Amino acid sequence: MKFKLFSSCLLSASLLFGSTVLAAATPDYGALIEQAHQKYKDNNEGKVADYIPALATYSPKNFAIAIATVDGKIYQTGDASAAFPMESLSKVFTMALVMEQSGSEEVLNKLGANATGMAFNSGLAVELTKGAPENPLVNAGAMSAVSLVKAKDKDERWKLIMDNLNAYANDTLTVNEPVFKSEMETNQHNQALADLMESYNSFYSDTREAVEIYTRQCSVDVNTVQLVRMAAVLANNGKSPYSGKQLLSEKYVPQVLAEMAIAGLYDGSGKWLYLVGIPAKSGVGGGMIAVVPGEYAIAVYSPPLDNAGNSVRAQQTIQFIAEATKANQFYGNNK
Ligand code: GLU
């Protein structure tokens, strides 16, 4: 099977100093995403998130896949132009902004790099560590990350966060106002988490403001192509293959990817790393990204989620493609 997937794109043999050299095979990404779409489109497992009422309106049938290689090529299938809220995917890029502004030590010391082993919005996780930082990808740490963005006031904080998301997407993204409103009306749990963090001195700006900005960044709409462009920056050592801008210092990319490996799929992260072996991040809107450093990024959109809050079809699709391309980061060099 793997041989079949690779063979369609085997680069031709070339002659080098009299000896025949067979160049490494380039995966046929276009064929792979079509195969994955075909294979998983009728799998109806999982449930569309409804704890944020506006999210329940998205069709469980939506399913799009995109791959971006580090040279900027994009392969897409399904309705890759359909917009959906980023939700937790936004946390990766705000964490990267904090790292770029204040360094990786600050992120480690103030936001942490440990798995909670608990749900993404667990208050118990905060209580057990007395607000000690766990990681910037669970809700408590992500809201604290927003509070750490260096800005003179609320407007500037939001502008920095939005400009950063736009730079990664190489596009102008917009807030989905109905989703934002719906989430603001139902985010009492997140407000409580922020207050709890503040009671342990693990919050660094006004809590209400930070929760509102966090909720707004989660409500930013993105489509699968924009999302894969964002992830491609991380695959390409922090430099956008589209604008050519270095959005994240190369030295911080491994730390951002490490946080994704630790907590990108919440309490499903360990199993994900064991089975697939590449850093990834999900959002309850049904989006998911994964990064194969130096090679490619993948984004998938499919709203039905498993119990941990991760898209079912997205996980299946990424696992299928990662296996076909031998992307597991724990292989040796001669994979
Ligand atoms: N805005 C969502 C929340 O705070 C994000 C959760 C997620 O995508 O995992 O609950």
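The numbers here are math on the coordinates, done by the rules we state, and not lab data. Remember, predicted model here, so these are calculated numbers, not experimental data. No Cβ is skipped: glycine too gets one built from the backbone with ideal geometry, and neighbour counts run over all protein chains shown.
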Mean separation of Cα contacts under 8 Å, 6 or more apart, over the residue count of the chain: relative contact order %: 24
C-alpha center-to-center spacing [the range 116-170, the range 174-197] in angstrom: 13
The range 206-259 - charge dipole about Cα centre, Lys and Arg +1 at Cβ, Asp and Glu -1, debye rounded to 20: 280
Contour minus Cα-Cα distance for Tyr200 and Lys326 (0.36 nm per residue): 41.0 nm
Per-pair calculated FRET efficiency, R0 = 25 Å: Asn166 and Glu34 via Cβ, rounded to 0.05: 0.25
P(r) histogram, all alpha-carbon pairs of the chain included - 10 Å bins from 0, percent: 6, 27, 36, 21, 7, 2, 1, 0
Relative contact order %, the range 280-326, counting alpha carbon pairs below 8 Å whose residues are six or more apart: 33
Mean Cβ count within 10 Å, highest first, over the residues of peptides 67-76, 210-219: 210-219, 67-76
Segment Arg208-Asn114, extension gain: residue separation times 0.36 nm, minus the distance between their alpha carbons: 31.3 nm
Helical mean residue ellipticity (222 nm; -39500 (n - 2.57) per DSSP H run of 4+; nearest 500) of the chain: -13000 deg cm²/dmol
Violating pairs (Cα-Cα greater than 28 angstrom) within the set Lys154/Lys181; Lys150/Lys251; Lys181/Lys245: Lys181/Lys245
For a label point 7 Å along the Cα-to-beta-carbon line of Thr57, residues of the range 173-193 with backbone N under 16 Å: 175-186
Residue order, fewest to most surrounding Cβ atoms within 10 angstrom, among Trp272, Trp158: Trp158, Trp272
Residue-span extension gain [Asp71 to Glu185] - 0.36 nm each, minus C-alpha spacing: 36.8 nm
Residue order, fewest to most beta carbons within 10 Å, for Ser282, Ser240, Ser88, Ser102: Ser102, Ser240, Ser88, Ser282
